[in-house]
1. Which pairs turn up if I take residues in the stretch 255-274 that are without any contact (Cβ under 8 Å) to a residue 24 or more places away in the chain and look for partners that are part of a loop (DSSP other than H, G, I, E, B) and not aliphatic (A, V, I, L, M) with beta carbon separation below 8 Å, at least 6 apart in sequence or on another chain?
2. For PRO82, indicate whether it is surrounded by fewer than 22 Cβ atoms within 10 Å (Cβ to Cβ), on the phi < 0 side of the Ramachandran plot, at pLDDT 95 or above and part of a loop (DSSP other than H, G, I, E, B).
3. Which of the residues spanning the stretch 394-413 are modelled with pLDDT of 95 or more and either among the β-branched types (Val, Ile, Thr) or over 23 Å from ILE326 (Cβ atoms) (or both)?
4. Mind checking which residues of the stretch 551-579 are touching a strand residue (DSSP E or B) at 6+ places or on another chain (Cβ under 7 Å), surrounded by fewer than 22 Cβ atoms within 10 Å (Cβ to Cβ) and closer than 29 Å to LEU472 by Cα?
5. Could you please let me know if ASP369 is over 24 Å from TYR485 (Cβ atoms) and surrounded by fewer than 21 Cβ atoms within 10 Å (Cβ to Cβ)?
6. Could you check, for the stretch 346-364, whether at least one of its residues is more than 26 Å from the chain's Cα centre (by Cα), in contact (Cβ under 8 Å) with a residue 12 or more places away in the chain, part of a helix (DSSP H, G or I) and farther than 24 Å from LEU235 by Cβ?
7. Which fully enclosed helices (runs of 4 or more DSSP H) of the stretch 399-506 have 1 or more residues being assigned by TED's automatic domain parsing to the domain that holds PHE557, touching a strand residue (DSSP E or B) at 6+ places or on another chain (Cβ under 8 Å) and touching a residue at least 60 places away in the same chain (Cβ under 8 Å)?
8. Among (1) surrounded by 19 or more Cβ atoms within 10 Å (Cβ to Cβ); (2) within 19 Å of VAL40 (Cα to Cα); (3) β-branched (Val, Ile, Thr), which single condition is VAL496 missing?
Amino acid sequence: MKADLPTLLCERPLSVARLGAACFAEMEAYMLPQSSAEPVYVNYELFGLSPDNVRERSELKQAVKTGLMLTLDRSRADDSKPPIKVAVDRQADPMNMSLNGNLGSGRAVYFGRCFNLKGIGRTVLATSTDPNHSNGNLDLVSALWEAICANVLNTNLKTGSAPVLAVIDTKQQIRVPWREGLYPGGFIIRIDQNGELDRPTHLFYLNENVAAEKLREFTENLARQDAEKFIERILHGCWSVGNVSIGGHMIDYDTVFALRSRAPQWSYRPNWLSNFFGVEGDGQKKLLKAMLNHPINRDKLSIREAYRLFDETRAKHLQTRSYDLIGLDSERPFVSRRLSQDEFIEMTTIFEELSLKMSANFKATAPWDEENPSLHIFDFSNFFRYAPLFFDIDALSDQKAVGLIRNPAARLCHSKVAGMPESLEQKMRKKYVVSSQEELQKLDLKALRFITLYKTLLGEYRASAPESWNKLVLKAFVVNEERTYMNCRPGNDVLVALVQNLQQRVFKPEEFSLRIQALIMACDRTMKNRLHGSCFSNIRLYMDGFSALLLGDNAMFKPVLALFNDRPGAGELSDNVRVEYENRPHRCKAEISGEVTYLIGPELPFNRLYDLVPDSFRFFDGTQELTLTEISRAKPPSE
């Protein structure tokens, strides 16, 4: 974003210009007293601010505090400040899935040029009789989870999201849907610059004609988003006409998780197949059907044509994005002379088919289940990540390749899950479940066919573009890494623990923000240069820092221990800092960047990435080992 924040706050919402004034209700909001709320996360990167832009970061945070800390609750207002006019978007849902009895947004408002504040109180459109959907509240953990997911997926999915500028701790204890007791309250400030929050529900409310070309465009956007989620292993979990934008952006993250595998999994309810990863496209088609059966479909675009367009667009986008998983460039695909287009399509088709294969352990289809890591039969993320390392040293035999693709934890067992109908279980058995060794052997033959095509492509690329080979190995290693801290577990557990420590004042707000920034960085797969023109991988977070690998484009990597500067003694290191691995000491370089001190070890070749992970390295300052503290929940004051 180029303009300064105070200027943006004075402008009229772009959403009103796009959707029309008739789509909005006006109401008053109030400034919160400075003592009643606190920003606990600010996305400085949205304004292009690096860790070294200390003064500019401070000014941005102060602008958030003075301009965007709003509430709809008159009793919490700063009486010295006049009321502020905000806009609330009206919506309609003929499917009766997304509004829960409300007439539009029940807890979110638009303010300024592009800001959408969610969780600041009950709006005039919150007419539901269900307090779970009309109290205007958002708890702090959910606010932070949305910020993490939105800010990762805004850059990691080609279809994007509405990024979050800030998360505010309201210093309240609130009631949370479907849970007992009181929880810390919060709200988020989303950015809606280009229609990231314009939804089909807005079109339904306006009830105006939508040209067939616009509906085709929406169909393609939905299809691309569905392919993006498959490529990036992202489960939305609960589709509706209210949690996707007309442009294909993801909206709302209550049920969103990153997954370990691409086997069918659910996060909301297991009673609809279209809620499962890899099958969510069926839900998107139901959404399309609702739009095409509505009077807004002026030109009578047929459901058959829309479904065909969805399938074609999704398949093509999945094929294109597969280049990225391989380590190539989806925007400038490598044109192979040895592998025909039909063979490349065959390769990606096998990849999708085998990725969805699972055991009949239906209990493990819940991402939080302890047996979830054993659900999937094939692990293509592991294969794509490590295969180039072995191919580079001519060690990728068919046996080694199959070993990389097969999930060693997979078990052909059976279990039930509460809420899954027998009919749905039978559908999954028919299409996705592997139930015998004979069936597994047949699938292994398909895996070998995939491996043959893959090695043909890699061999040709290495021979024709040797100068770019190291970049392929680097990219494949980075983009196929699991997003551990967006997994249900340990991701949600880590976030809850951090919030509890914030509430117990173990962290100051700015220290807490640093840890959320690190958590988002740990889930980013864009290969962004973070230090010395290199990118991080294998980040493991701790209370007072993180360990990582620093990967360069020269086929070398370095072990890193990052100490947050609020850690006692972080800025008092001696000149004798070293790292030990394989029982040998090596000198380290200490470097301060922003709020972090980095201890950087010596370069090692990429072919050691398979057996050397951050835990392989021990860092010392003199004779004292530098250990980081595991993230754990804070004890209540009474303890």
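The values are calculated or read from the model by the stated rules, or taken from the named source; none is laboratory data. If you're wondering where the values come from, they're calculated on a predicted model, not measured in any experiment. Note that we place each Cβ from the backbone using ideal geometry, even for glycine, and neighbour counts take in every protein chain shown.
1. Filtered contacts from the stretch 255-274: THR255/HIS236; THR255/GLY237; THR255/CYS238; THR255/SER267; THR255/TYR268.
2. On the way: surrounded by fewer than 22 Cβ atoms within 10 Å (Cβ to Cβ): yes; on the phi < 0 side of the Ramachandran plot: yes; at pLDDT 95 or above: yes; part of a loop (DSSP other than H, G, I, E, B): yes.
When the stated conditions are applied, PRO82 passes them.
3. Once the filter is applied, which keeps residues that are modelled with pLDDT of 95 or more and either among the β-branched types (Val, Ile, Thr) or over 23 Å from ILE326 (Cβ atoms) (or both), the stretch 394-413 yields VAL402, ILE405, ALA409, ALA410.
4. GLY552, ALA555, MET556 - these are the residues of the stretch 551-579 that are touching a strand residue (DSSP E or B) at 6+ places or on another chain (Cβ under 7 Å), surrounded by fewer than 22 Cβ atoms within 10 Å (Cβ to Cβ) and closer than 29 Å to LEU472 by Cα.
5. On the way: over 24 Å from TYR485 (Cβ atoms): no; surrounded by fewer than 21 Cβ atoms within 10 Å (Cβ to Cβ): yes.
Answer is no for this residue.
6. yes
7. Numbers: elements: 422-431, 437-464, 469-479, 493-503.
Fully inside the stretch 399-506 and qualifying: 493-503.
8. Answer for VAL496: the failing condition is (1).
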